[in-house]
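Colleague: Mind looking over this structure? Questions follow.
The values are calculated or read from the model by the stated rules, or taken from the named source; none is laboratory data. Remember, it's a predicted structure, so these values are computed and weren't measured experimentally. Because the Cβ atoms are built from the backbone with ideal geometry, glycine has one as well, and the counts that use them run over all protein chains shown.
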Amino acid sequence: MSKALPYQDIQTIYFAIAAVVLPFAAFVINFLFLGKSKLSGWVSTLAILVSSVLAAIIFTRVWNVQQIHVKQIWFRIGDSYLYTGILLNNLSVLMLGLVSVIALPVHIYSTAYMKDDAGYSRYFQYLSFFCFSMLALVVMDNLILLYAFWELVGFSSYLLIGFWFDRANAVQANKKAFIINRIGDIGLLTAIIILFNQYQTFDIERLFKEGGLIASSTIKNGLWISADIQTPVIWQYIACIGIFLGVAAKSAQFPLHTWLPDAMEGPTSVSALIHAATMVAAGVFLLGRVYPLFNPAELTTLAVIGCFTAFMAATIALTQNDLKRILAYSTISQLGYMVMAMGIGAYATSLFHLVTHAFFKCLLFLSAGIVIHQIKHIKEDNNLDIDPQDIANMGGLRKKLPLTFIATLIGGLALIGLPLTSGYLSKEGILITTYEWAQGKGDMMLLVPLFAFFTSCLTAFYVARMLLKVFFGDLNLQFLNPEIKIHIGDGGWRYKAPLVFLALCSLFPFFSFNPFLHEETWLLYGFSAYNSKSVFDIMHIAIPVLVNGASLLIIYYAYMIYMKRSTIVLPQSGLLYRLSFNEWYIDRFYNRVVVKFVLVLSDMAFWFDRKVIDGFVNLLEKIGVFTAGIASWFDRYIVDGILHLSAVIVQAIGGFARRFQNGKVQYYLFSMLLAVIVVFILKILIWN
Amino acid sequence: MITLADFMIVSAVLFCTGMFIIVSKKNSIQILIGVELMLNAAILNLVAFGKYDRINNSGQMFALFAIVLAAATTAVALAIILNVYKQYKTIDPDKIKQLKD
């Protein structure tokens, strides 16, 4: 640390580190010591409870008070120092608080929800690890560690989505989520590399603060000019596209949104966490961190993509029959709103929507979890062959599950954005800002607020459809199988307490004392630096009135369709219906084109590998064998031949000499005489 | 006058005869006779060269010694032959091959 910090700031930093590390400690304890124990759930819950208390303390100390940034050298490569540290600013502490506060009810809920599951302890290990990754992601001060935890969030979500790994669907889903997230990760990594090349630092504060490195760099004459480096402007576009890919993959934006509906294969409590605070929020959080990087044109693109995603997801949600799938598409739709809000410059409103959405979406998922759990009970008690998530089987649960009904109602109204809920405040903020933004941009851009408005109406319809089909009317199961016995209820306090808490947080007083004016929300003042100053005019009243009026009409229309059956129902075979029901054929398109293309490519690579590379290797092998054959022949006939020849010669000589040793005394004498005579003859010959 | 050369010739003939008998005969007794012939060739030389010695008749004296010794060795050799016969039931040296390795 370069300069001495006041004692309280150091304490805050330690609190932040503790808040991040506690879930990890819970993961380690569960992993090492509590193999199958039911205690593991409470260890994780305790860790996240302490984390959220610490996060709340940090929040009060940092929010709108000061920014704390400590760092120290991590390692050095050449002349580049890499720092690691913690950056606590308004965005970090908001996310820190949000993640831990959302994770707490999910943990409590999970201790009850997962109690009969064989993988209870494993579940809490993953859950703690997931929370740790996300908490670390939001407080890191450099892009390298941000990226590392970004990957860990993806990895731990992979583990959780595939929690029931013995189900083929879950395995498919987590593979899909992982692969799509990898695409985003590559984008983010590319962007980080480009940024480092341009600015020689990974430090988020230096890069992105007001008047920081990015703010002071310009684009001129096709060059991207920063303090000392000029590069072609194309790199700036690539960096932005990379960041967008990362955001699109994590926050499920078109065209990388298809993993999110499939991620429903995980336990419902995990879906609640993924959809509310941890996984999908990471993308929007990243946008918030690197916001100054985007120039106006890129922001407009972002707004259009967000708007399209919101609209597309809403249309898909209209016709889905799977309870969790409806909620998943509503999440994609709301994330589209957030990205769109980022694109139009409503930075604060976007984050505000992220926070409100986290609460009510978590609430909706936990309620859906209870509903599905109870339907599953009916299914198991009566040996029915039904899909417990199919809303066609439900109905009339209002009386059986009163608390769940109220919670879902509050969550649903917040999702539609009706007054008195938190969703109203943030959504109207986005809609009004979108309208104001589009006014100065020409007619084409008016389509964006128009579609946002239309999406809001669609939201009203599908939420109403879901609520009516699940909670009103009569239980369809009982209608189809009159003999079944039903005894279900809201469940114990571990189900009820999280619902009550989240339902309270989804109401307006938590964010603003004025339930009708989003401008008075405390949260928006935290990010005033980026917020476009808007003039209060008639539209600020007209748009909410218009949107809510339309929403109410549409809810009434849905009521007429599903309850009274008096209005004309749209045909279930039209082109639009099929488009919506089949999720715009995007998945099918990916399977037919992208996946098939990759498979064909792999097949070709496989063929190439087998025929060419293996062929080459085999050829080498044959050559090797042939050479070895020659060497072996040489060895056997030449080298060994010489040896054998010498052996034969020695043997022959030996045999010859042996003949003199035949044991006959006279022969010895004869030999001796012969030798003497030879000596004499030789002597005579040499002398003469 | 009989010269030294005549003695030498007789001696050489005797020696060669003995040698021939030793290497060619298939009976150990005949070989022993050959050995005696060669011995007598040597004794004849001893006596013939004794004429040139400073002491008179020393050659003849040594010849007598040698004859006595030859008789002794012949006795030993005959004893050996007898034992060989006991062992191998033959005295043909070609059939006794135990010296072979």
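Colleague: So how many residues does the stretch B:24-53 have that are over 22 Å from B:Ile96 (Cα atoms) and either of a type in the set (Phe, Trp, Tyr) or within 12 Å of chain A (Cβ to nearest Cβ) (or both)?
Modeller: Residues meeting the conditions: 3.
Colleague: Could you figure out which of (1) within 23 Å of A:Cys131 (Cα to Cα); (2) in contact with a helix residue (DSSP H, G or I) (Cβ under 9 Å, 6 or more places away or on another chain) isn't true of A:Leu32?
Modeller: (2)
Colleague: Sort out which residues of the stretch A:423-464 are closer than 16 Å to A:Met539 by Cα and in contact with a Gly (Cβ under 7 Å, 6 or more places away or on another chain), and write them in order of number.
Modeller: Those that are closer than 16 Å to A:Met539 by Cα and in contact with a Gly (Cβ under 7 Å, 6 or more places away or on another chain): A:Tyr424, A:Lys427, A:Glu428, A:Trp437.
Residues are listed down the side, and each one gets a yes or a no for (1) within 14 Å of chain B (Cβ to nearest Cβ); (2) touching an Asp or Glu at 6+ places or on another chain (Cβ under 7 Å); (3) closer than 30 Å to A:Ile183 by Cβ:
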| residue | (1), (2), (3) |
| --- | --- |
| A:Val594 | no, no, yes |
| A:Leu599 | no, no, yes |
| A:Lys622 | no, no, no |
| A:Val648 | no, no, no |
| A:Lys664 | yes, yes, no |
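Colleague: Looking at the stretch B:54-65, can you tell me whether even one residue there is in contact with a Phe, Trp or Tyr (Cβ under 9 Å, 6 or more places away or on another chain) and either farther than 21 Å from A:Lys664 by Cα or more than 14 Å from chain A (Cβ to nearest Cβ) (or both)?
Modeller: Going through the stretch B:54-65, the residues in contact with a Phe, Trp or Tyr (Cβ under 9 Å, 6 or more places away or on another chain) turn out to be B:59.
Restricting the remaining residues to those that are either farther than 21 Å from A:Lys664 by Cα or more than 14 Å from chain A (Cβ to nearest Cβ) (or both) gives B:59.
Scanning the stretch B:54-65 turns up at least one residue that is in contact with a Phe, Trp or Tyr (Cβ under 9 Å, 6 or more places away or on another chain) and either farther than 21 Å from A:Lys664 by Cα or more than 14 Å from chain A (Cβ to nearest Cβ) (or both).
Colleague: Looking only at the stretch B:62-88, which residues are surrounded by 13 or more Cβ atoms within 10 Å (Cβ to Cβ), within 19 Å of the chain's Cα centre (by Cα) and within 19 Å of B:Ile22 (Cβ to Cβ)?
Modeller: Result: B:Ala66, B:Ala70, B:Thr73, B:Thr74, B:Ala77, B:Leu78, B:Ile81.
Colleague: I've got another one for you. Among (1) surrounded by 17 or more Cβ atoms within 10 Å (Cβ to Cβ); (2) over 18 Å from the mean Cα position of the chain (by Cα), where does A:Ile219 come up short?
Modeller: Status for A:Ile219: all satisfied but (1).
Colleague: Something else: Looking at this structure, is B:Ala70 at pLDDT 90 or above, more than 13 Å from chain A (Cβ to nearest Cβ) and touching a Phe, Trp or Tyr at 6+ places or on another chain (Cβ under 7 Å)?
Modeller: Numbers: at pLDDT 90 or above: yes; more than 13 Å from chain A (Cβ to nearest Cβ): yes; touching a Phe, Trp or Tyr at 6+ places or on another chain (Cβ under 7 Å): no.
In short, no.
Colleague: Among the residues that make up the stretch A:392-410, is at least one of them among the hydrophobic types (A, V, I, L, M, F, W, C), modelled with pLDDT of 80 or more, out of contact with any Gly (no Cβ under 9 Å at 6 or more places or on another chain) and under 30 Å from A:Ile538 (Cα atoms)?
Modeller: yes
Colleague: Test B:Asn27 against the criterion of being of a type outside the set (Gly, Ala, Ser) and over 18 Å from A:Leu669 (Cα atoms), and give yes or no. Reasoning before the result, please.
Modeller: Working: of a type outside the set (Gly, Ala, Ser): yes; over 18 Å from A:Leu669 (Cα atoms): no.
For B:Asn27, the condition - of a type outside the set (Gly, Ala, Ser) and over 18 Å from A:Leu669 (Cα atoms) - is not met.
Colleague: Let me ask something else. Quick check: anything in the stretch A:464-471 in contact with a Cys (Cβ under 8 Å, 6 or more places away or on another chain) and part of a helix (DSSP H, G or I)?
Modeller: First, pick out the residues of the stretch A:464-471 that are in contact with a Cys (Cβ under 8 Å, 6 or more places away or on another chain): none.
So far as the stretch A:464-471 goes, no, none of its residues is in contact with a Cys (Cβ under 8 Å, 6 or more places away or on another chain) and part of a helix (DSSP H, G or I).
Colleague: Testing A:Trp74 on (1) in contact (Cβ under 8 Å) with a residue 40 or more places away in the chain; (2) outside any helix (DSSP H, G or I), one condition comes back false. Which one is that?
Modeller: Only one criterion in (1) in contact (Cβ under 8 Å) with a residue 40 or more places away in the chain; (2) outside any helix (DSSP H, G or I) is unmet by A:Trp74, namely (1).
Colleague: Given (1) under 25 Å from A:Leu673 (Cα atoms); (2) within 14 Å of chain A (Cβ to nearest Cβ), where does B:Met8 come up short, assuming only one miss?
Modeller: Every condition holds for B:Met8 apart from (2).
Colleague: Could you run through the stretch A:322-341 and say how many residues are farther than 15 Å from A:Ala414 by Cα and aromatic (Phe, Trp, Tyr)?
Modeller: Here the count works out to 1.
Colleague: Can you name every residue in the stretch A:650-662 that is among the polar types (S, T, N, Q) and within 10 Å of another protein chain (Cβ to nearest Cβ)? Step through it out loud before you land on a result.
Modeller: Filtering the stretch A:650-662 down to residues among the polar types (S, T, N, Q) leaves A:651, A:661-662.
Passing the criteria: A:Gln661, A:Asn662.
Colleague: Taking the residues in the stretch A:490-500 that are in contact (Cβ under 8 Å) with a residue 60 or more places away in the chain and more than 16 Å from A:Ala368 (Cβ to Cβ) as candidates, determine which candidate is surrounded by the fewest Cβ atoms within 10 Å (Cβ to Cβ).
Modeller: So the first thing to find is which residues in the stretch A:490-500 are in contact (Cβ under 8 Å) with a residue 60 or more places away in the chain, and the list is A:490-492, A:494-500.
Next cut, more than 16 Å from A:Ala368 (Cβ to Cβ) only: A:492, A:494, A:497, A:500.
Numbers: A:Gly492: 9, A:Arg494: 18, A:Ala497: 14, A:Val500: 16.
Looking at residues that are in contact (Cβ under 8 Å) with a residue 60 or more places away in the chain and more than 16 Å from A:Ala368 (Cβ to Cβ), I get A:Gly492.
Colleague: Show the residue pairs that are 6+ apart or on different chains and have beta-carbon atoms under 8 Å apart, the first residue being within the stretch A:30-47 and assigned to a helix (DSSP H, G or I), the second being modelled with pLDDT under 80.
Modeller: A:Ser40/A:Leu34; A:Val43/A:Leu34
Colleague: Now, a different point. When you look at A:Asn591, is it closer than 30 Å to A:Ala317 by Cβ and part of a helix (DSSP H, G or I), yes or no?
Modeller: On the way: closer than 30 Å to A:Ala317 by Cβ: yes; part of a helix (DSSP H, G or I): yes.
Judged against the criteria, A:Asn591 is a match.
Colleague: On to the next question. Looking at B:Ile21, B:Ile91, which is the one that is under 18 Å from A:Phe670 (Cβ atoms), aliphatic (A, V, I, L, M), buried (at least 17 other Cβ atoms within 10 Å of the Cβ) and within 14 Å of another protein chain (Cβ to nearest Cβ)? Walk me through how you get there before you give the answer.
Modeller: Values: B:Ile91 fails: under 18 Å from A:Phe670 (Cβ atoms).
Within the list B:Ile21, B:Ile91, the selection yields B:Ile21.
Yes/no per residue for (1) in contact with a His (Cβ under 6 Å, 6 or more places away or on another chain); (2) in a helix (DSSP H, G or I); (3) of a type in the set (Val, Ile, Thr); (4) surrounded by fewer than 18 Cβ atoms within 10 Å (Cβ to Cβ):
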{"position": "A:Phe165", "(1), (2), (3), (4)": "no, no, no, yes"}
{"position": "A:Asn174", "(1), (2), (3), (4)": "no, yes, no, no"}
{"position": "A:Ile179", "(1), (2), (3), (4)": "no, yes, yes, yes"}
{"position": "A:Phe196", "(1), (2), (3), (4)": "no, yes, no, yes"}
{"position": "A:Glu210", "(1), (2), (3), (4)": "no, no, no, yes"}
{"position": "A:Asp228", "(1), (2), (3), (4)": "no, no, no, yes"}
{"position": "A:Gln236", "(1), (2), (3), (4)": "no, yes, no, no"}
{"position": "A:Cys240", "(1), (2), (3), (4)": "no, yes, no, no"}
{"position": "A:Phe244", "(1), (2), (3), (4)": "no, yes, no, no"}
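Colleague: Has the stretch A:625-643 got any residue that is within 14 Å of chain B (Cβ to nearest Cβ), over 60 Å from the mean Cα position of the chain (by Cα), modelled with pLDDT under 95 and assigned to a helix (DSSP H, G or I)?
Modeller: First, pick out the residues of the stretch A:625-643 that are within 14 Å of chain B (Cβ to nearest Cβ): none.
The answer is no; no qualifying residue exists.
Colleague: Can you tell me how many residues within the stretch A:112-129 are under 14 Å from A:Thr268 (Cβ atoms) and crowded, with 19+ Cβ neighbours inside 10 Å?
Modeller: Residues in the stretch A:112-129 being under 14 Å from A:Thr268 (Cβ atoms) and crowded, with 19+ Cβ neighbours inside 10 Å: 5 in total.
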